1. With respect to A:Leu236, is the statement that it is surrounded by fewer than 17 Cβ atoms within 10 Å (Cβ to Cβ) and aliphatic (A, V, I, L, M) true?
2. I need the full set of residues from the range A:353-374 which are within 16 Å of DNA strand C (Cβ to nearest atom) and assigned to a loop (DSSP other than H, G, I, E, B), in order please.
3. Inside the range A:110-119, can you point out the residues that are more than 11 Å from DNA strand C (Cβ to nearest atom) and either part of a helix (DSSP H, G or I) or surrounded by fewer than 14 Cβ atoms within 10 Å (Cβ to Cβ) (or both)?
4. Count, please, the residues in the range A:231-280 that happen to be out of contact with any helix residue (DSSP H, G or I) (no Cβ under 7 Å at 6 or more places or on another chain) and aliphatic (A, V, I, L, M).
5. Of all the residues that make up the range A:243-271, how many are in contact (Cβ under 8 Å) with a residue 60 or more places away in the chain and buried (at least 24 other Cβ atoms within 10 Å of the Cβ)?
6. All but one of (1) touching a helix residue (DSSP H, G or I) at 6+ places or on another chain (Cβ under 9 Å); (2) within 16 Å of DNA strand C (Cβ to nearest atom) hold for A:Ser90; which doesn't?
Amino acid sequence: MKFLDELNEAQLQAVLSHDGPNMVIAGAGSGKTKVLTYRIAYLLGEKGVDAFNILALTFTNKAAKEMKERIGHIVGNSEAQNLWMGTFHSVFAKILRIEAEKIGFPRNFTIYDTDDSKNLIKSIVKEMNLDEKVYKPGQVYGRISSAKNNLISPQAYLQNAQAIMDDRMSGKPRVGEIYALYQKRLYKASAMDFDDLLFNTNILLRDHPDVLHKYQHKFKYILVDEYQDTNFSQYLIVKKLAAAFENICVVGDDAQSIYAFRGANIQNILNFKKDYPDTKMFKLEQNYRSTGNIVKAANSVIWKNKDQIKKEVWTQNEEGEKITVLRAGSDNEEGNQVASFIFDVKMNNQVQNKDIAILYRTNAQSRAMEEALRRRNIPYKIFGGLSFYQRKEVKDLLAYFRTVINPNDEESLKRIVNYPARGIGDTTLSKIIMASNESDKSIWYILENIKVLPLGLNQPTRERLDQFVQMIKSFASGLEKENVYDLALRIAQTTGILKELYSDKTPEGVSRYDNLQELLNGVKEFSEENKDDTERTLADFMQEIALLTDNDKDDEDNFDKVSMMTVHASKGLEFPYVFIVGLEENLFPSQLSIESREELEEERRLFYVALTRAKKRATLSYATTRFKWGNIQHSEPSRFIEEIDTSFLDYSFTLGGIKPKQTAFEDEFSSYFNKPKTSQSLNESFQFKQKPNLTKVSQTSASLGSVGQGDDPTLFKEGMAVSHDRFGEGKIIEIQGDLPNVKAVIEFKAHGVKQLLLKFAKLKILN
DNA sequence: TGCCCGGGTGTTTTT
DNA sequence: CACCCGGGCA
């Protein structure tokens with residue numbers, strides 16, 4: 001095969017070793033995707049393996065799509081089309097639909113997204129009369145998710161000593177019960193959450209040897225990309241499927257494992273050899289992406305980690321420029337420095353915007369960067385954030401689609417039963433929900449029988465509910481015979497959603513309407529993509545969309561913009577010029593991670609990932625003060641900067657930096673002088689919020705004529721009598737926390753005990 | 001039913 | 001600080 005000469009020796013060996021267990025440790029930028037692609041092409045083209053017998057699992061839909069395209073180029077699209085290639089979730093969702101009945105689910109089960117799951121948990125917490133402040137849906141969901149990723153069922157969870165203790169320690173002893181009820185509700189709704197797609201696949205393969213046998217023999221060759229990011233549930237699926245032939249090839253880089261916090265287990269890659277003693281291991285160590293300086297700097301950092309597979313990434317590329325370090329007095333100034341640096345880089349090196357990326361640890365950091373780029377008229381695009389499919393109006397219409405496909409889907413049903421408003425209020429709904437939970441029948445079942453069930457609802461209400469049921473049924477009758485776009489449009493029109501948004505002429509309303517049009521266009525495209533003769537249904541559309549994220553959509557209008565994203569989101573990407581910002585202790589590495597070695601090592605890997613995105617030049621920046629929770633906080637440079645061997649660093653730019661003592665006012669002032677003086681930017685500079693001044697005043701001197709707000713937080717002591725605008729008079733029982741987030745526990749005469757943040761509470765001292 | 005206000009809370013992430 | 005949520009009120 002002629003394409004094989006495009007590979008280096010290590011890559012070639014990894015491609016040619018087609019049978020048996022193989023592990024490819026692929027350093028950053030070492031041509032990992034190339035090896036996977038050619039390996040599959042080799043199996044297809046040279047070894048005569050049938051595409052239907054190959055299973056390739058990737059981390060994102062995007063990766064799967066790109067790889068399929070590349071393989072298509074080599075062996076032809078029709079052949080590539082037959083590969084089973086996709087994310088764990090999408091591949092096993094497909095299999096679960098085929099085998100659904102075996103584990104007691106209908107084929108049309110709904111996939112709940114994270115929002116659905118959290119809403120469901122929220123209603124369960126309410127039902128159990130638990131405190132929502134204690135049992136926060138997000139946290140409970142996290143617990144349940146990690147249980148599922150470790151294949152711990154609700155029953156097992158309730159008896160799991162570790163889980164019981166953890167929950168007790170965190171003050172949430174009833175998580176196990178919530179989990180059990182949550183699972184019951186999912187079942188009643190014929191729904192699975194993301195983790196269930198993997199959990200239930202495990203159940204399916206465990207309890208049905210015939211099914212296991214079938215897929216073991218179907219997938220004679222299994223390839224797993226980003227193996228370092230698999231969790232236990234995924235690991236076990238792969239292990240079971242591969243057990244018959246052991247033609248399994250995993251590709252990954254332990255140094256780039258950055259998802260442990262959501263259940264990924266780096267041990268999966270470290271222990272692969274134990275599972276398959278015959279493993280042939282290949283190391284791809286030549287980096288084709290970055291300059292010598294960047295590669296060596298990255299090495300010098302990652303070698304500080306204890307947990308790793310020994311390897312040395314090297315490159316033949318030129319040494320390139322050293323890594324620049326920028327130091328700023330504040331987060332805003334950091335933005336300005338980075339923006340002006342970008343400006344210079346563009347001027348001096350003929351660089352396009354799309355060649356540049358700004359990477360940060362947390363999303364919140366994007367704002368200072370945005371403002372600075374905007375002021376210099378540098379176009380940018382932020383990755384991440386609210387996804388198209390999570391927008392309210394989109395979710396609303398999708399909820400109709402979901403209800404039509406699976407009327408048992410309670411989260412969707414609850415969402416739309418009274419939207420657009422049709423006189424079915426909360427009271428009515430809660431009666432129905434209660435009846436549903438008591439009888440263990442779905443809400444839909446109750447609604448279908450609403451006319452004969454004695455729920456204490458009046459005649460007109462029952463009438464309206466019945467009309468709703470009839471409407472959904474009329475849509476459902478079109479599922480099999482109506483063209484998917486026609487049906488979708490009919491739903492959007494008949495329900496009145498389109499009309500409702502069309503009449504809203506505010507900018508937001510217009511944009512919502514546009515979003516619905518975009519969704520409908522998506523359905524139209526989907527129906528026209530129809531390659532085989534079989535008509536694609538609305539259920540097919542939802543199946544495709546449920547596991548899609550914005551990153552998977554092709555971006556049309558991002559052809560020349562600076563990319564801004566979290567380091568996590570940058571994995572697998574590369575840019576000639578990379579700026580890693582906010583390199584400060586307690587930010588990167590994150591405050592949450594500096595206590596244990598394992599977590600700190602993950603932060604270090606994260607930094608390694610960030611650094612190795614850069615092809616030509618990397619710039620690191622930090623600020624000595626930063627706004628956090630509305631306060632200025634002092635910060636120290638990140639240990640990761642110091643961990644880079646100094647011979648690869650260029651500190652000269654930090655010397656001209658503005659002194660850390662500078663006040664925020666001067667900061668804004670200087671930034672004003674640094675930027676092009678167009679009238680527009682002049683206006684913008686006046687729109688700045690004057691954040692720090694107020695805070696400072698209240699922290700240092702006692703209320704200098706503060707606008708009748710309340711007394712200075714430092715003056716409050718335990719035992720004092722105070723008064724509050726709303727709660728009236730009370731007595732301070734306890735003072736907690738540090739300035740400026742001091743909390744007071746106050747017993748009010750009329751309202752009982754409350755905890756108030758002094759900086760907000762506007763408390764007055766009596767006498 | 002929807003708006004306003006006070007209060008609470010947060011700042012990895014992806015399927 | 002900025003955003004979200006729930007409660008109170010019109």
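The values are calculated or read from the model by the stated rules, or taken from the named source; none is laboratory data. These numbers were taken from a predicted model, which means no experiment stands behind them. Please note: Cβ atoms are built from the backbone with ideal geometry, for glycine as well, and neighbour counts cover all protein chains shown.
1. Working: surrounded by fewer than 17 Cβ atoms within 10 Å (Cβ to Cβ): no; aliphatic (A, V, I, L, M): yes.
Considered against the rule, which asks whether it is surrounded by fewer than 17 Cβ atoms within 10 Å (Cβ to Cβ) and aliphatic (A, V, I, L, M), A:Leu236 comes out as no.
2. The answer is A:Thr362, and nothing else.
3. Start the filter on the range A:110-119 by keeping residues that are more than 11 Å from DNA strand C (Cβ to nearest atom), which leaves A:110-114, A:116-117.
Those that are more than 11 Å from DNA strand C (Cβ to nearest atom) and either part of a helix (DSSP H, G or I) or surrounded by fewer than 14 Cβ atoms within 10 Å (Cβ to Cβ) (or both): A:Thr114, A:Asp116, A:Ser117.
4. 2
5. Of the residues in that region, 9 qualify.
6. Condition (2) is where A:Ser90 drops out.
Residues are listed down the side, and each one gets a yes or a no for (1) more than 18 Å from A:Gly29 (Cα to Cα); (2) touching an Asp or Glu at 6+ places or on another chain (Cβ under 8 Å):
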site: A:Gly263; (1), (2): yes, no
site: A:Asn268; (1), (2): yes, no
site: A:Leu284; (1), (2): no, no
site: A:Asn287; (1), (2): no, no
site: A:Lys296; (1), (2): no, yes
site: A:Asn299; (1), (2): no, yes
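A quick yes/no check of all residues on (1) crowded, with 21+ Cβ neighbours inside 10 Å; (2) small (Gly, Ala, Ser):
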{"position": "A:Tyr400", "(1), (2)": "yes, no"}
{"position": "A:Asn406", "(1), (2)": "yes, no"}
{"position": "A:Asp409", "(1), (2)": "yes, no"}
{"position": "A:Ser412", "(1), (2)": "yes, yes"}
{"position": "A:Arg422", "(1), (2)": "no, no"}
{"position": "A:Ile432", "(1), (2)": "yes, no"}
{"position": "A:Glu438", "(1), (2)": "no, no"}
{"position": "A:Asn449", "(1), (2)": "no, no"}
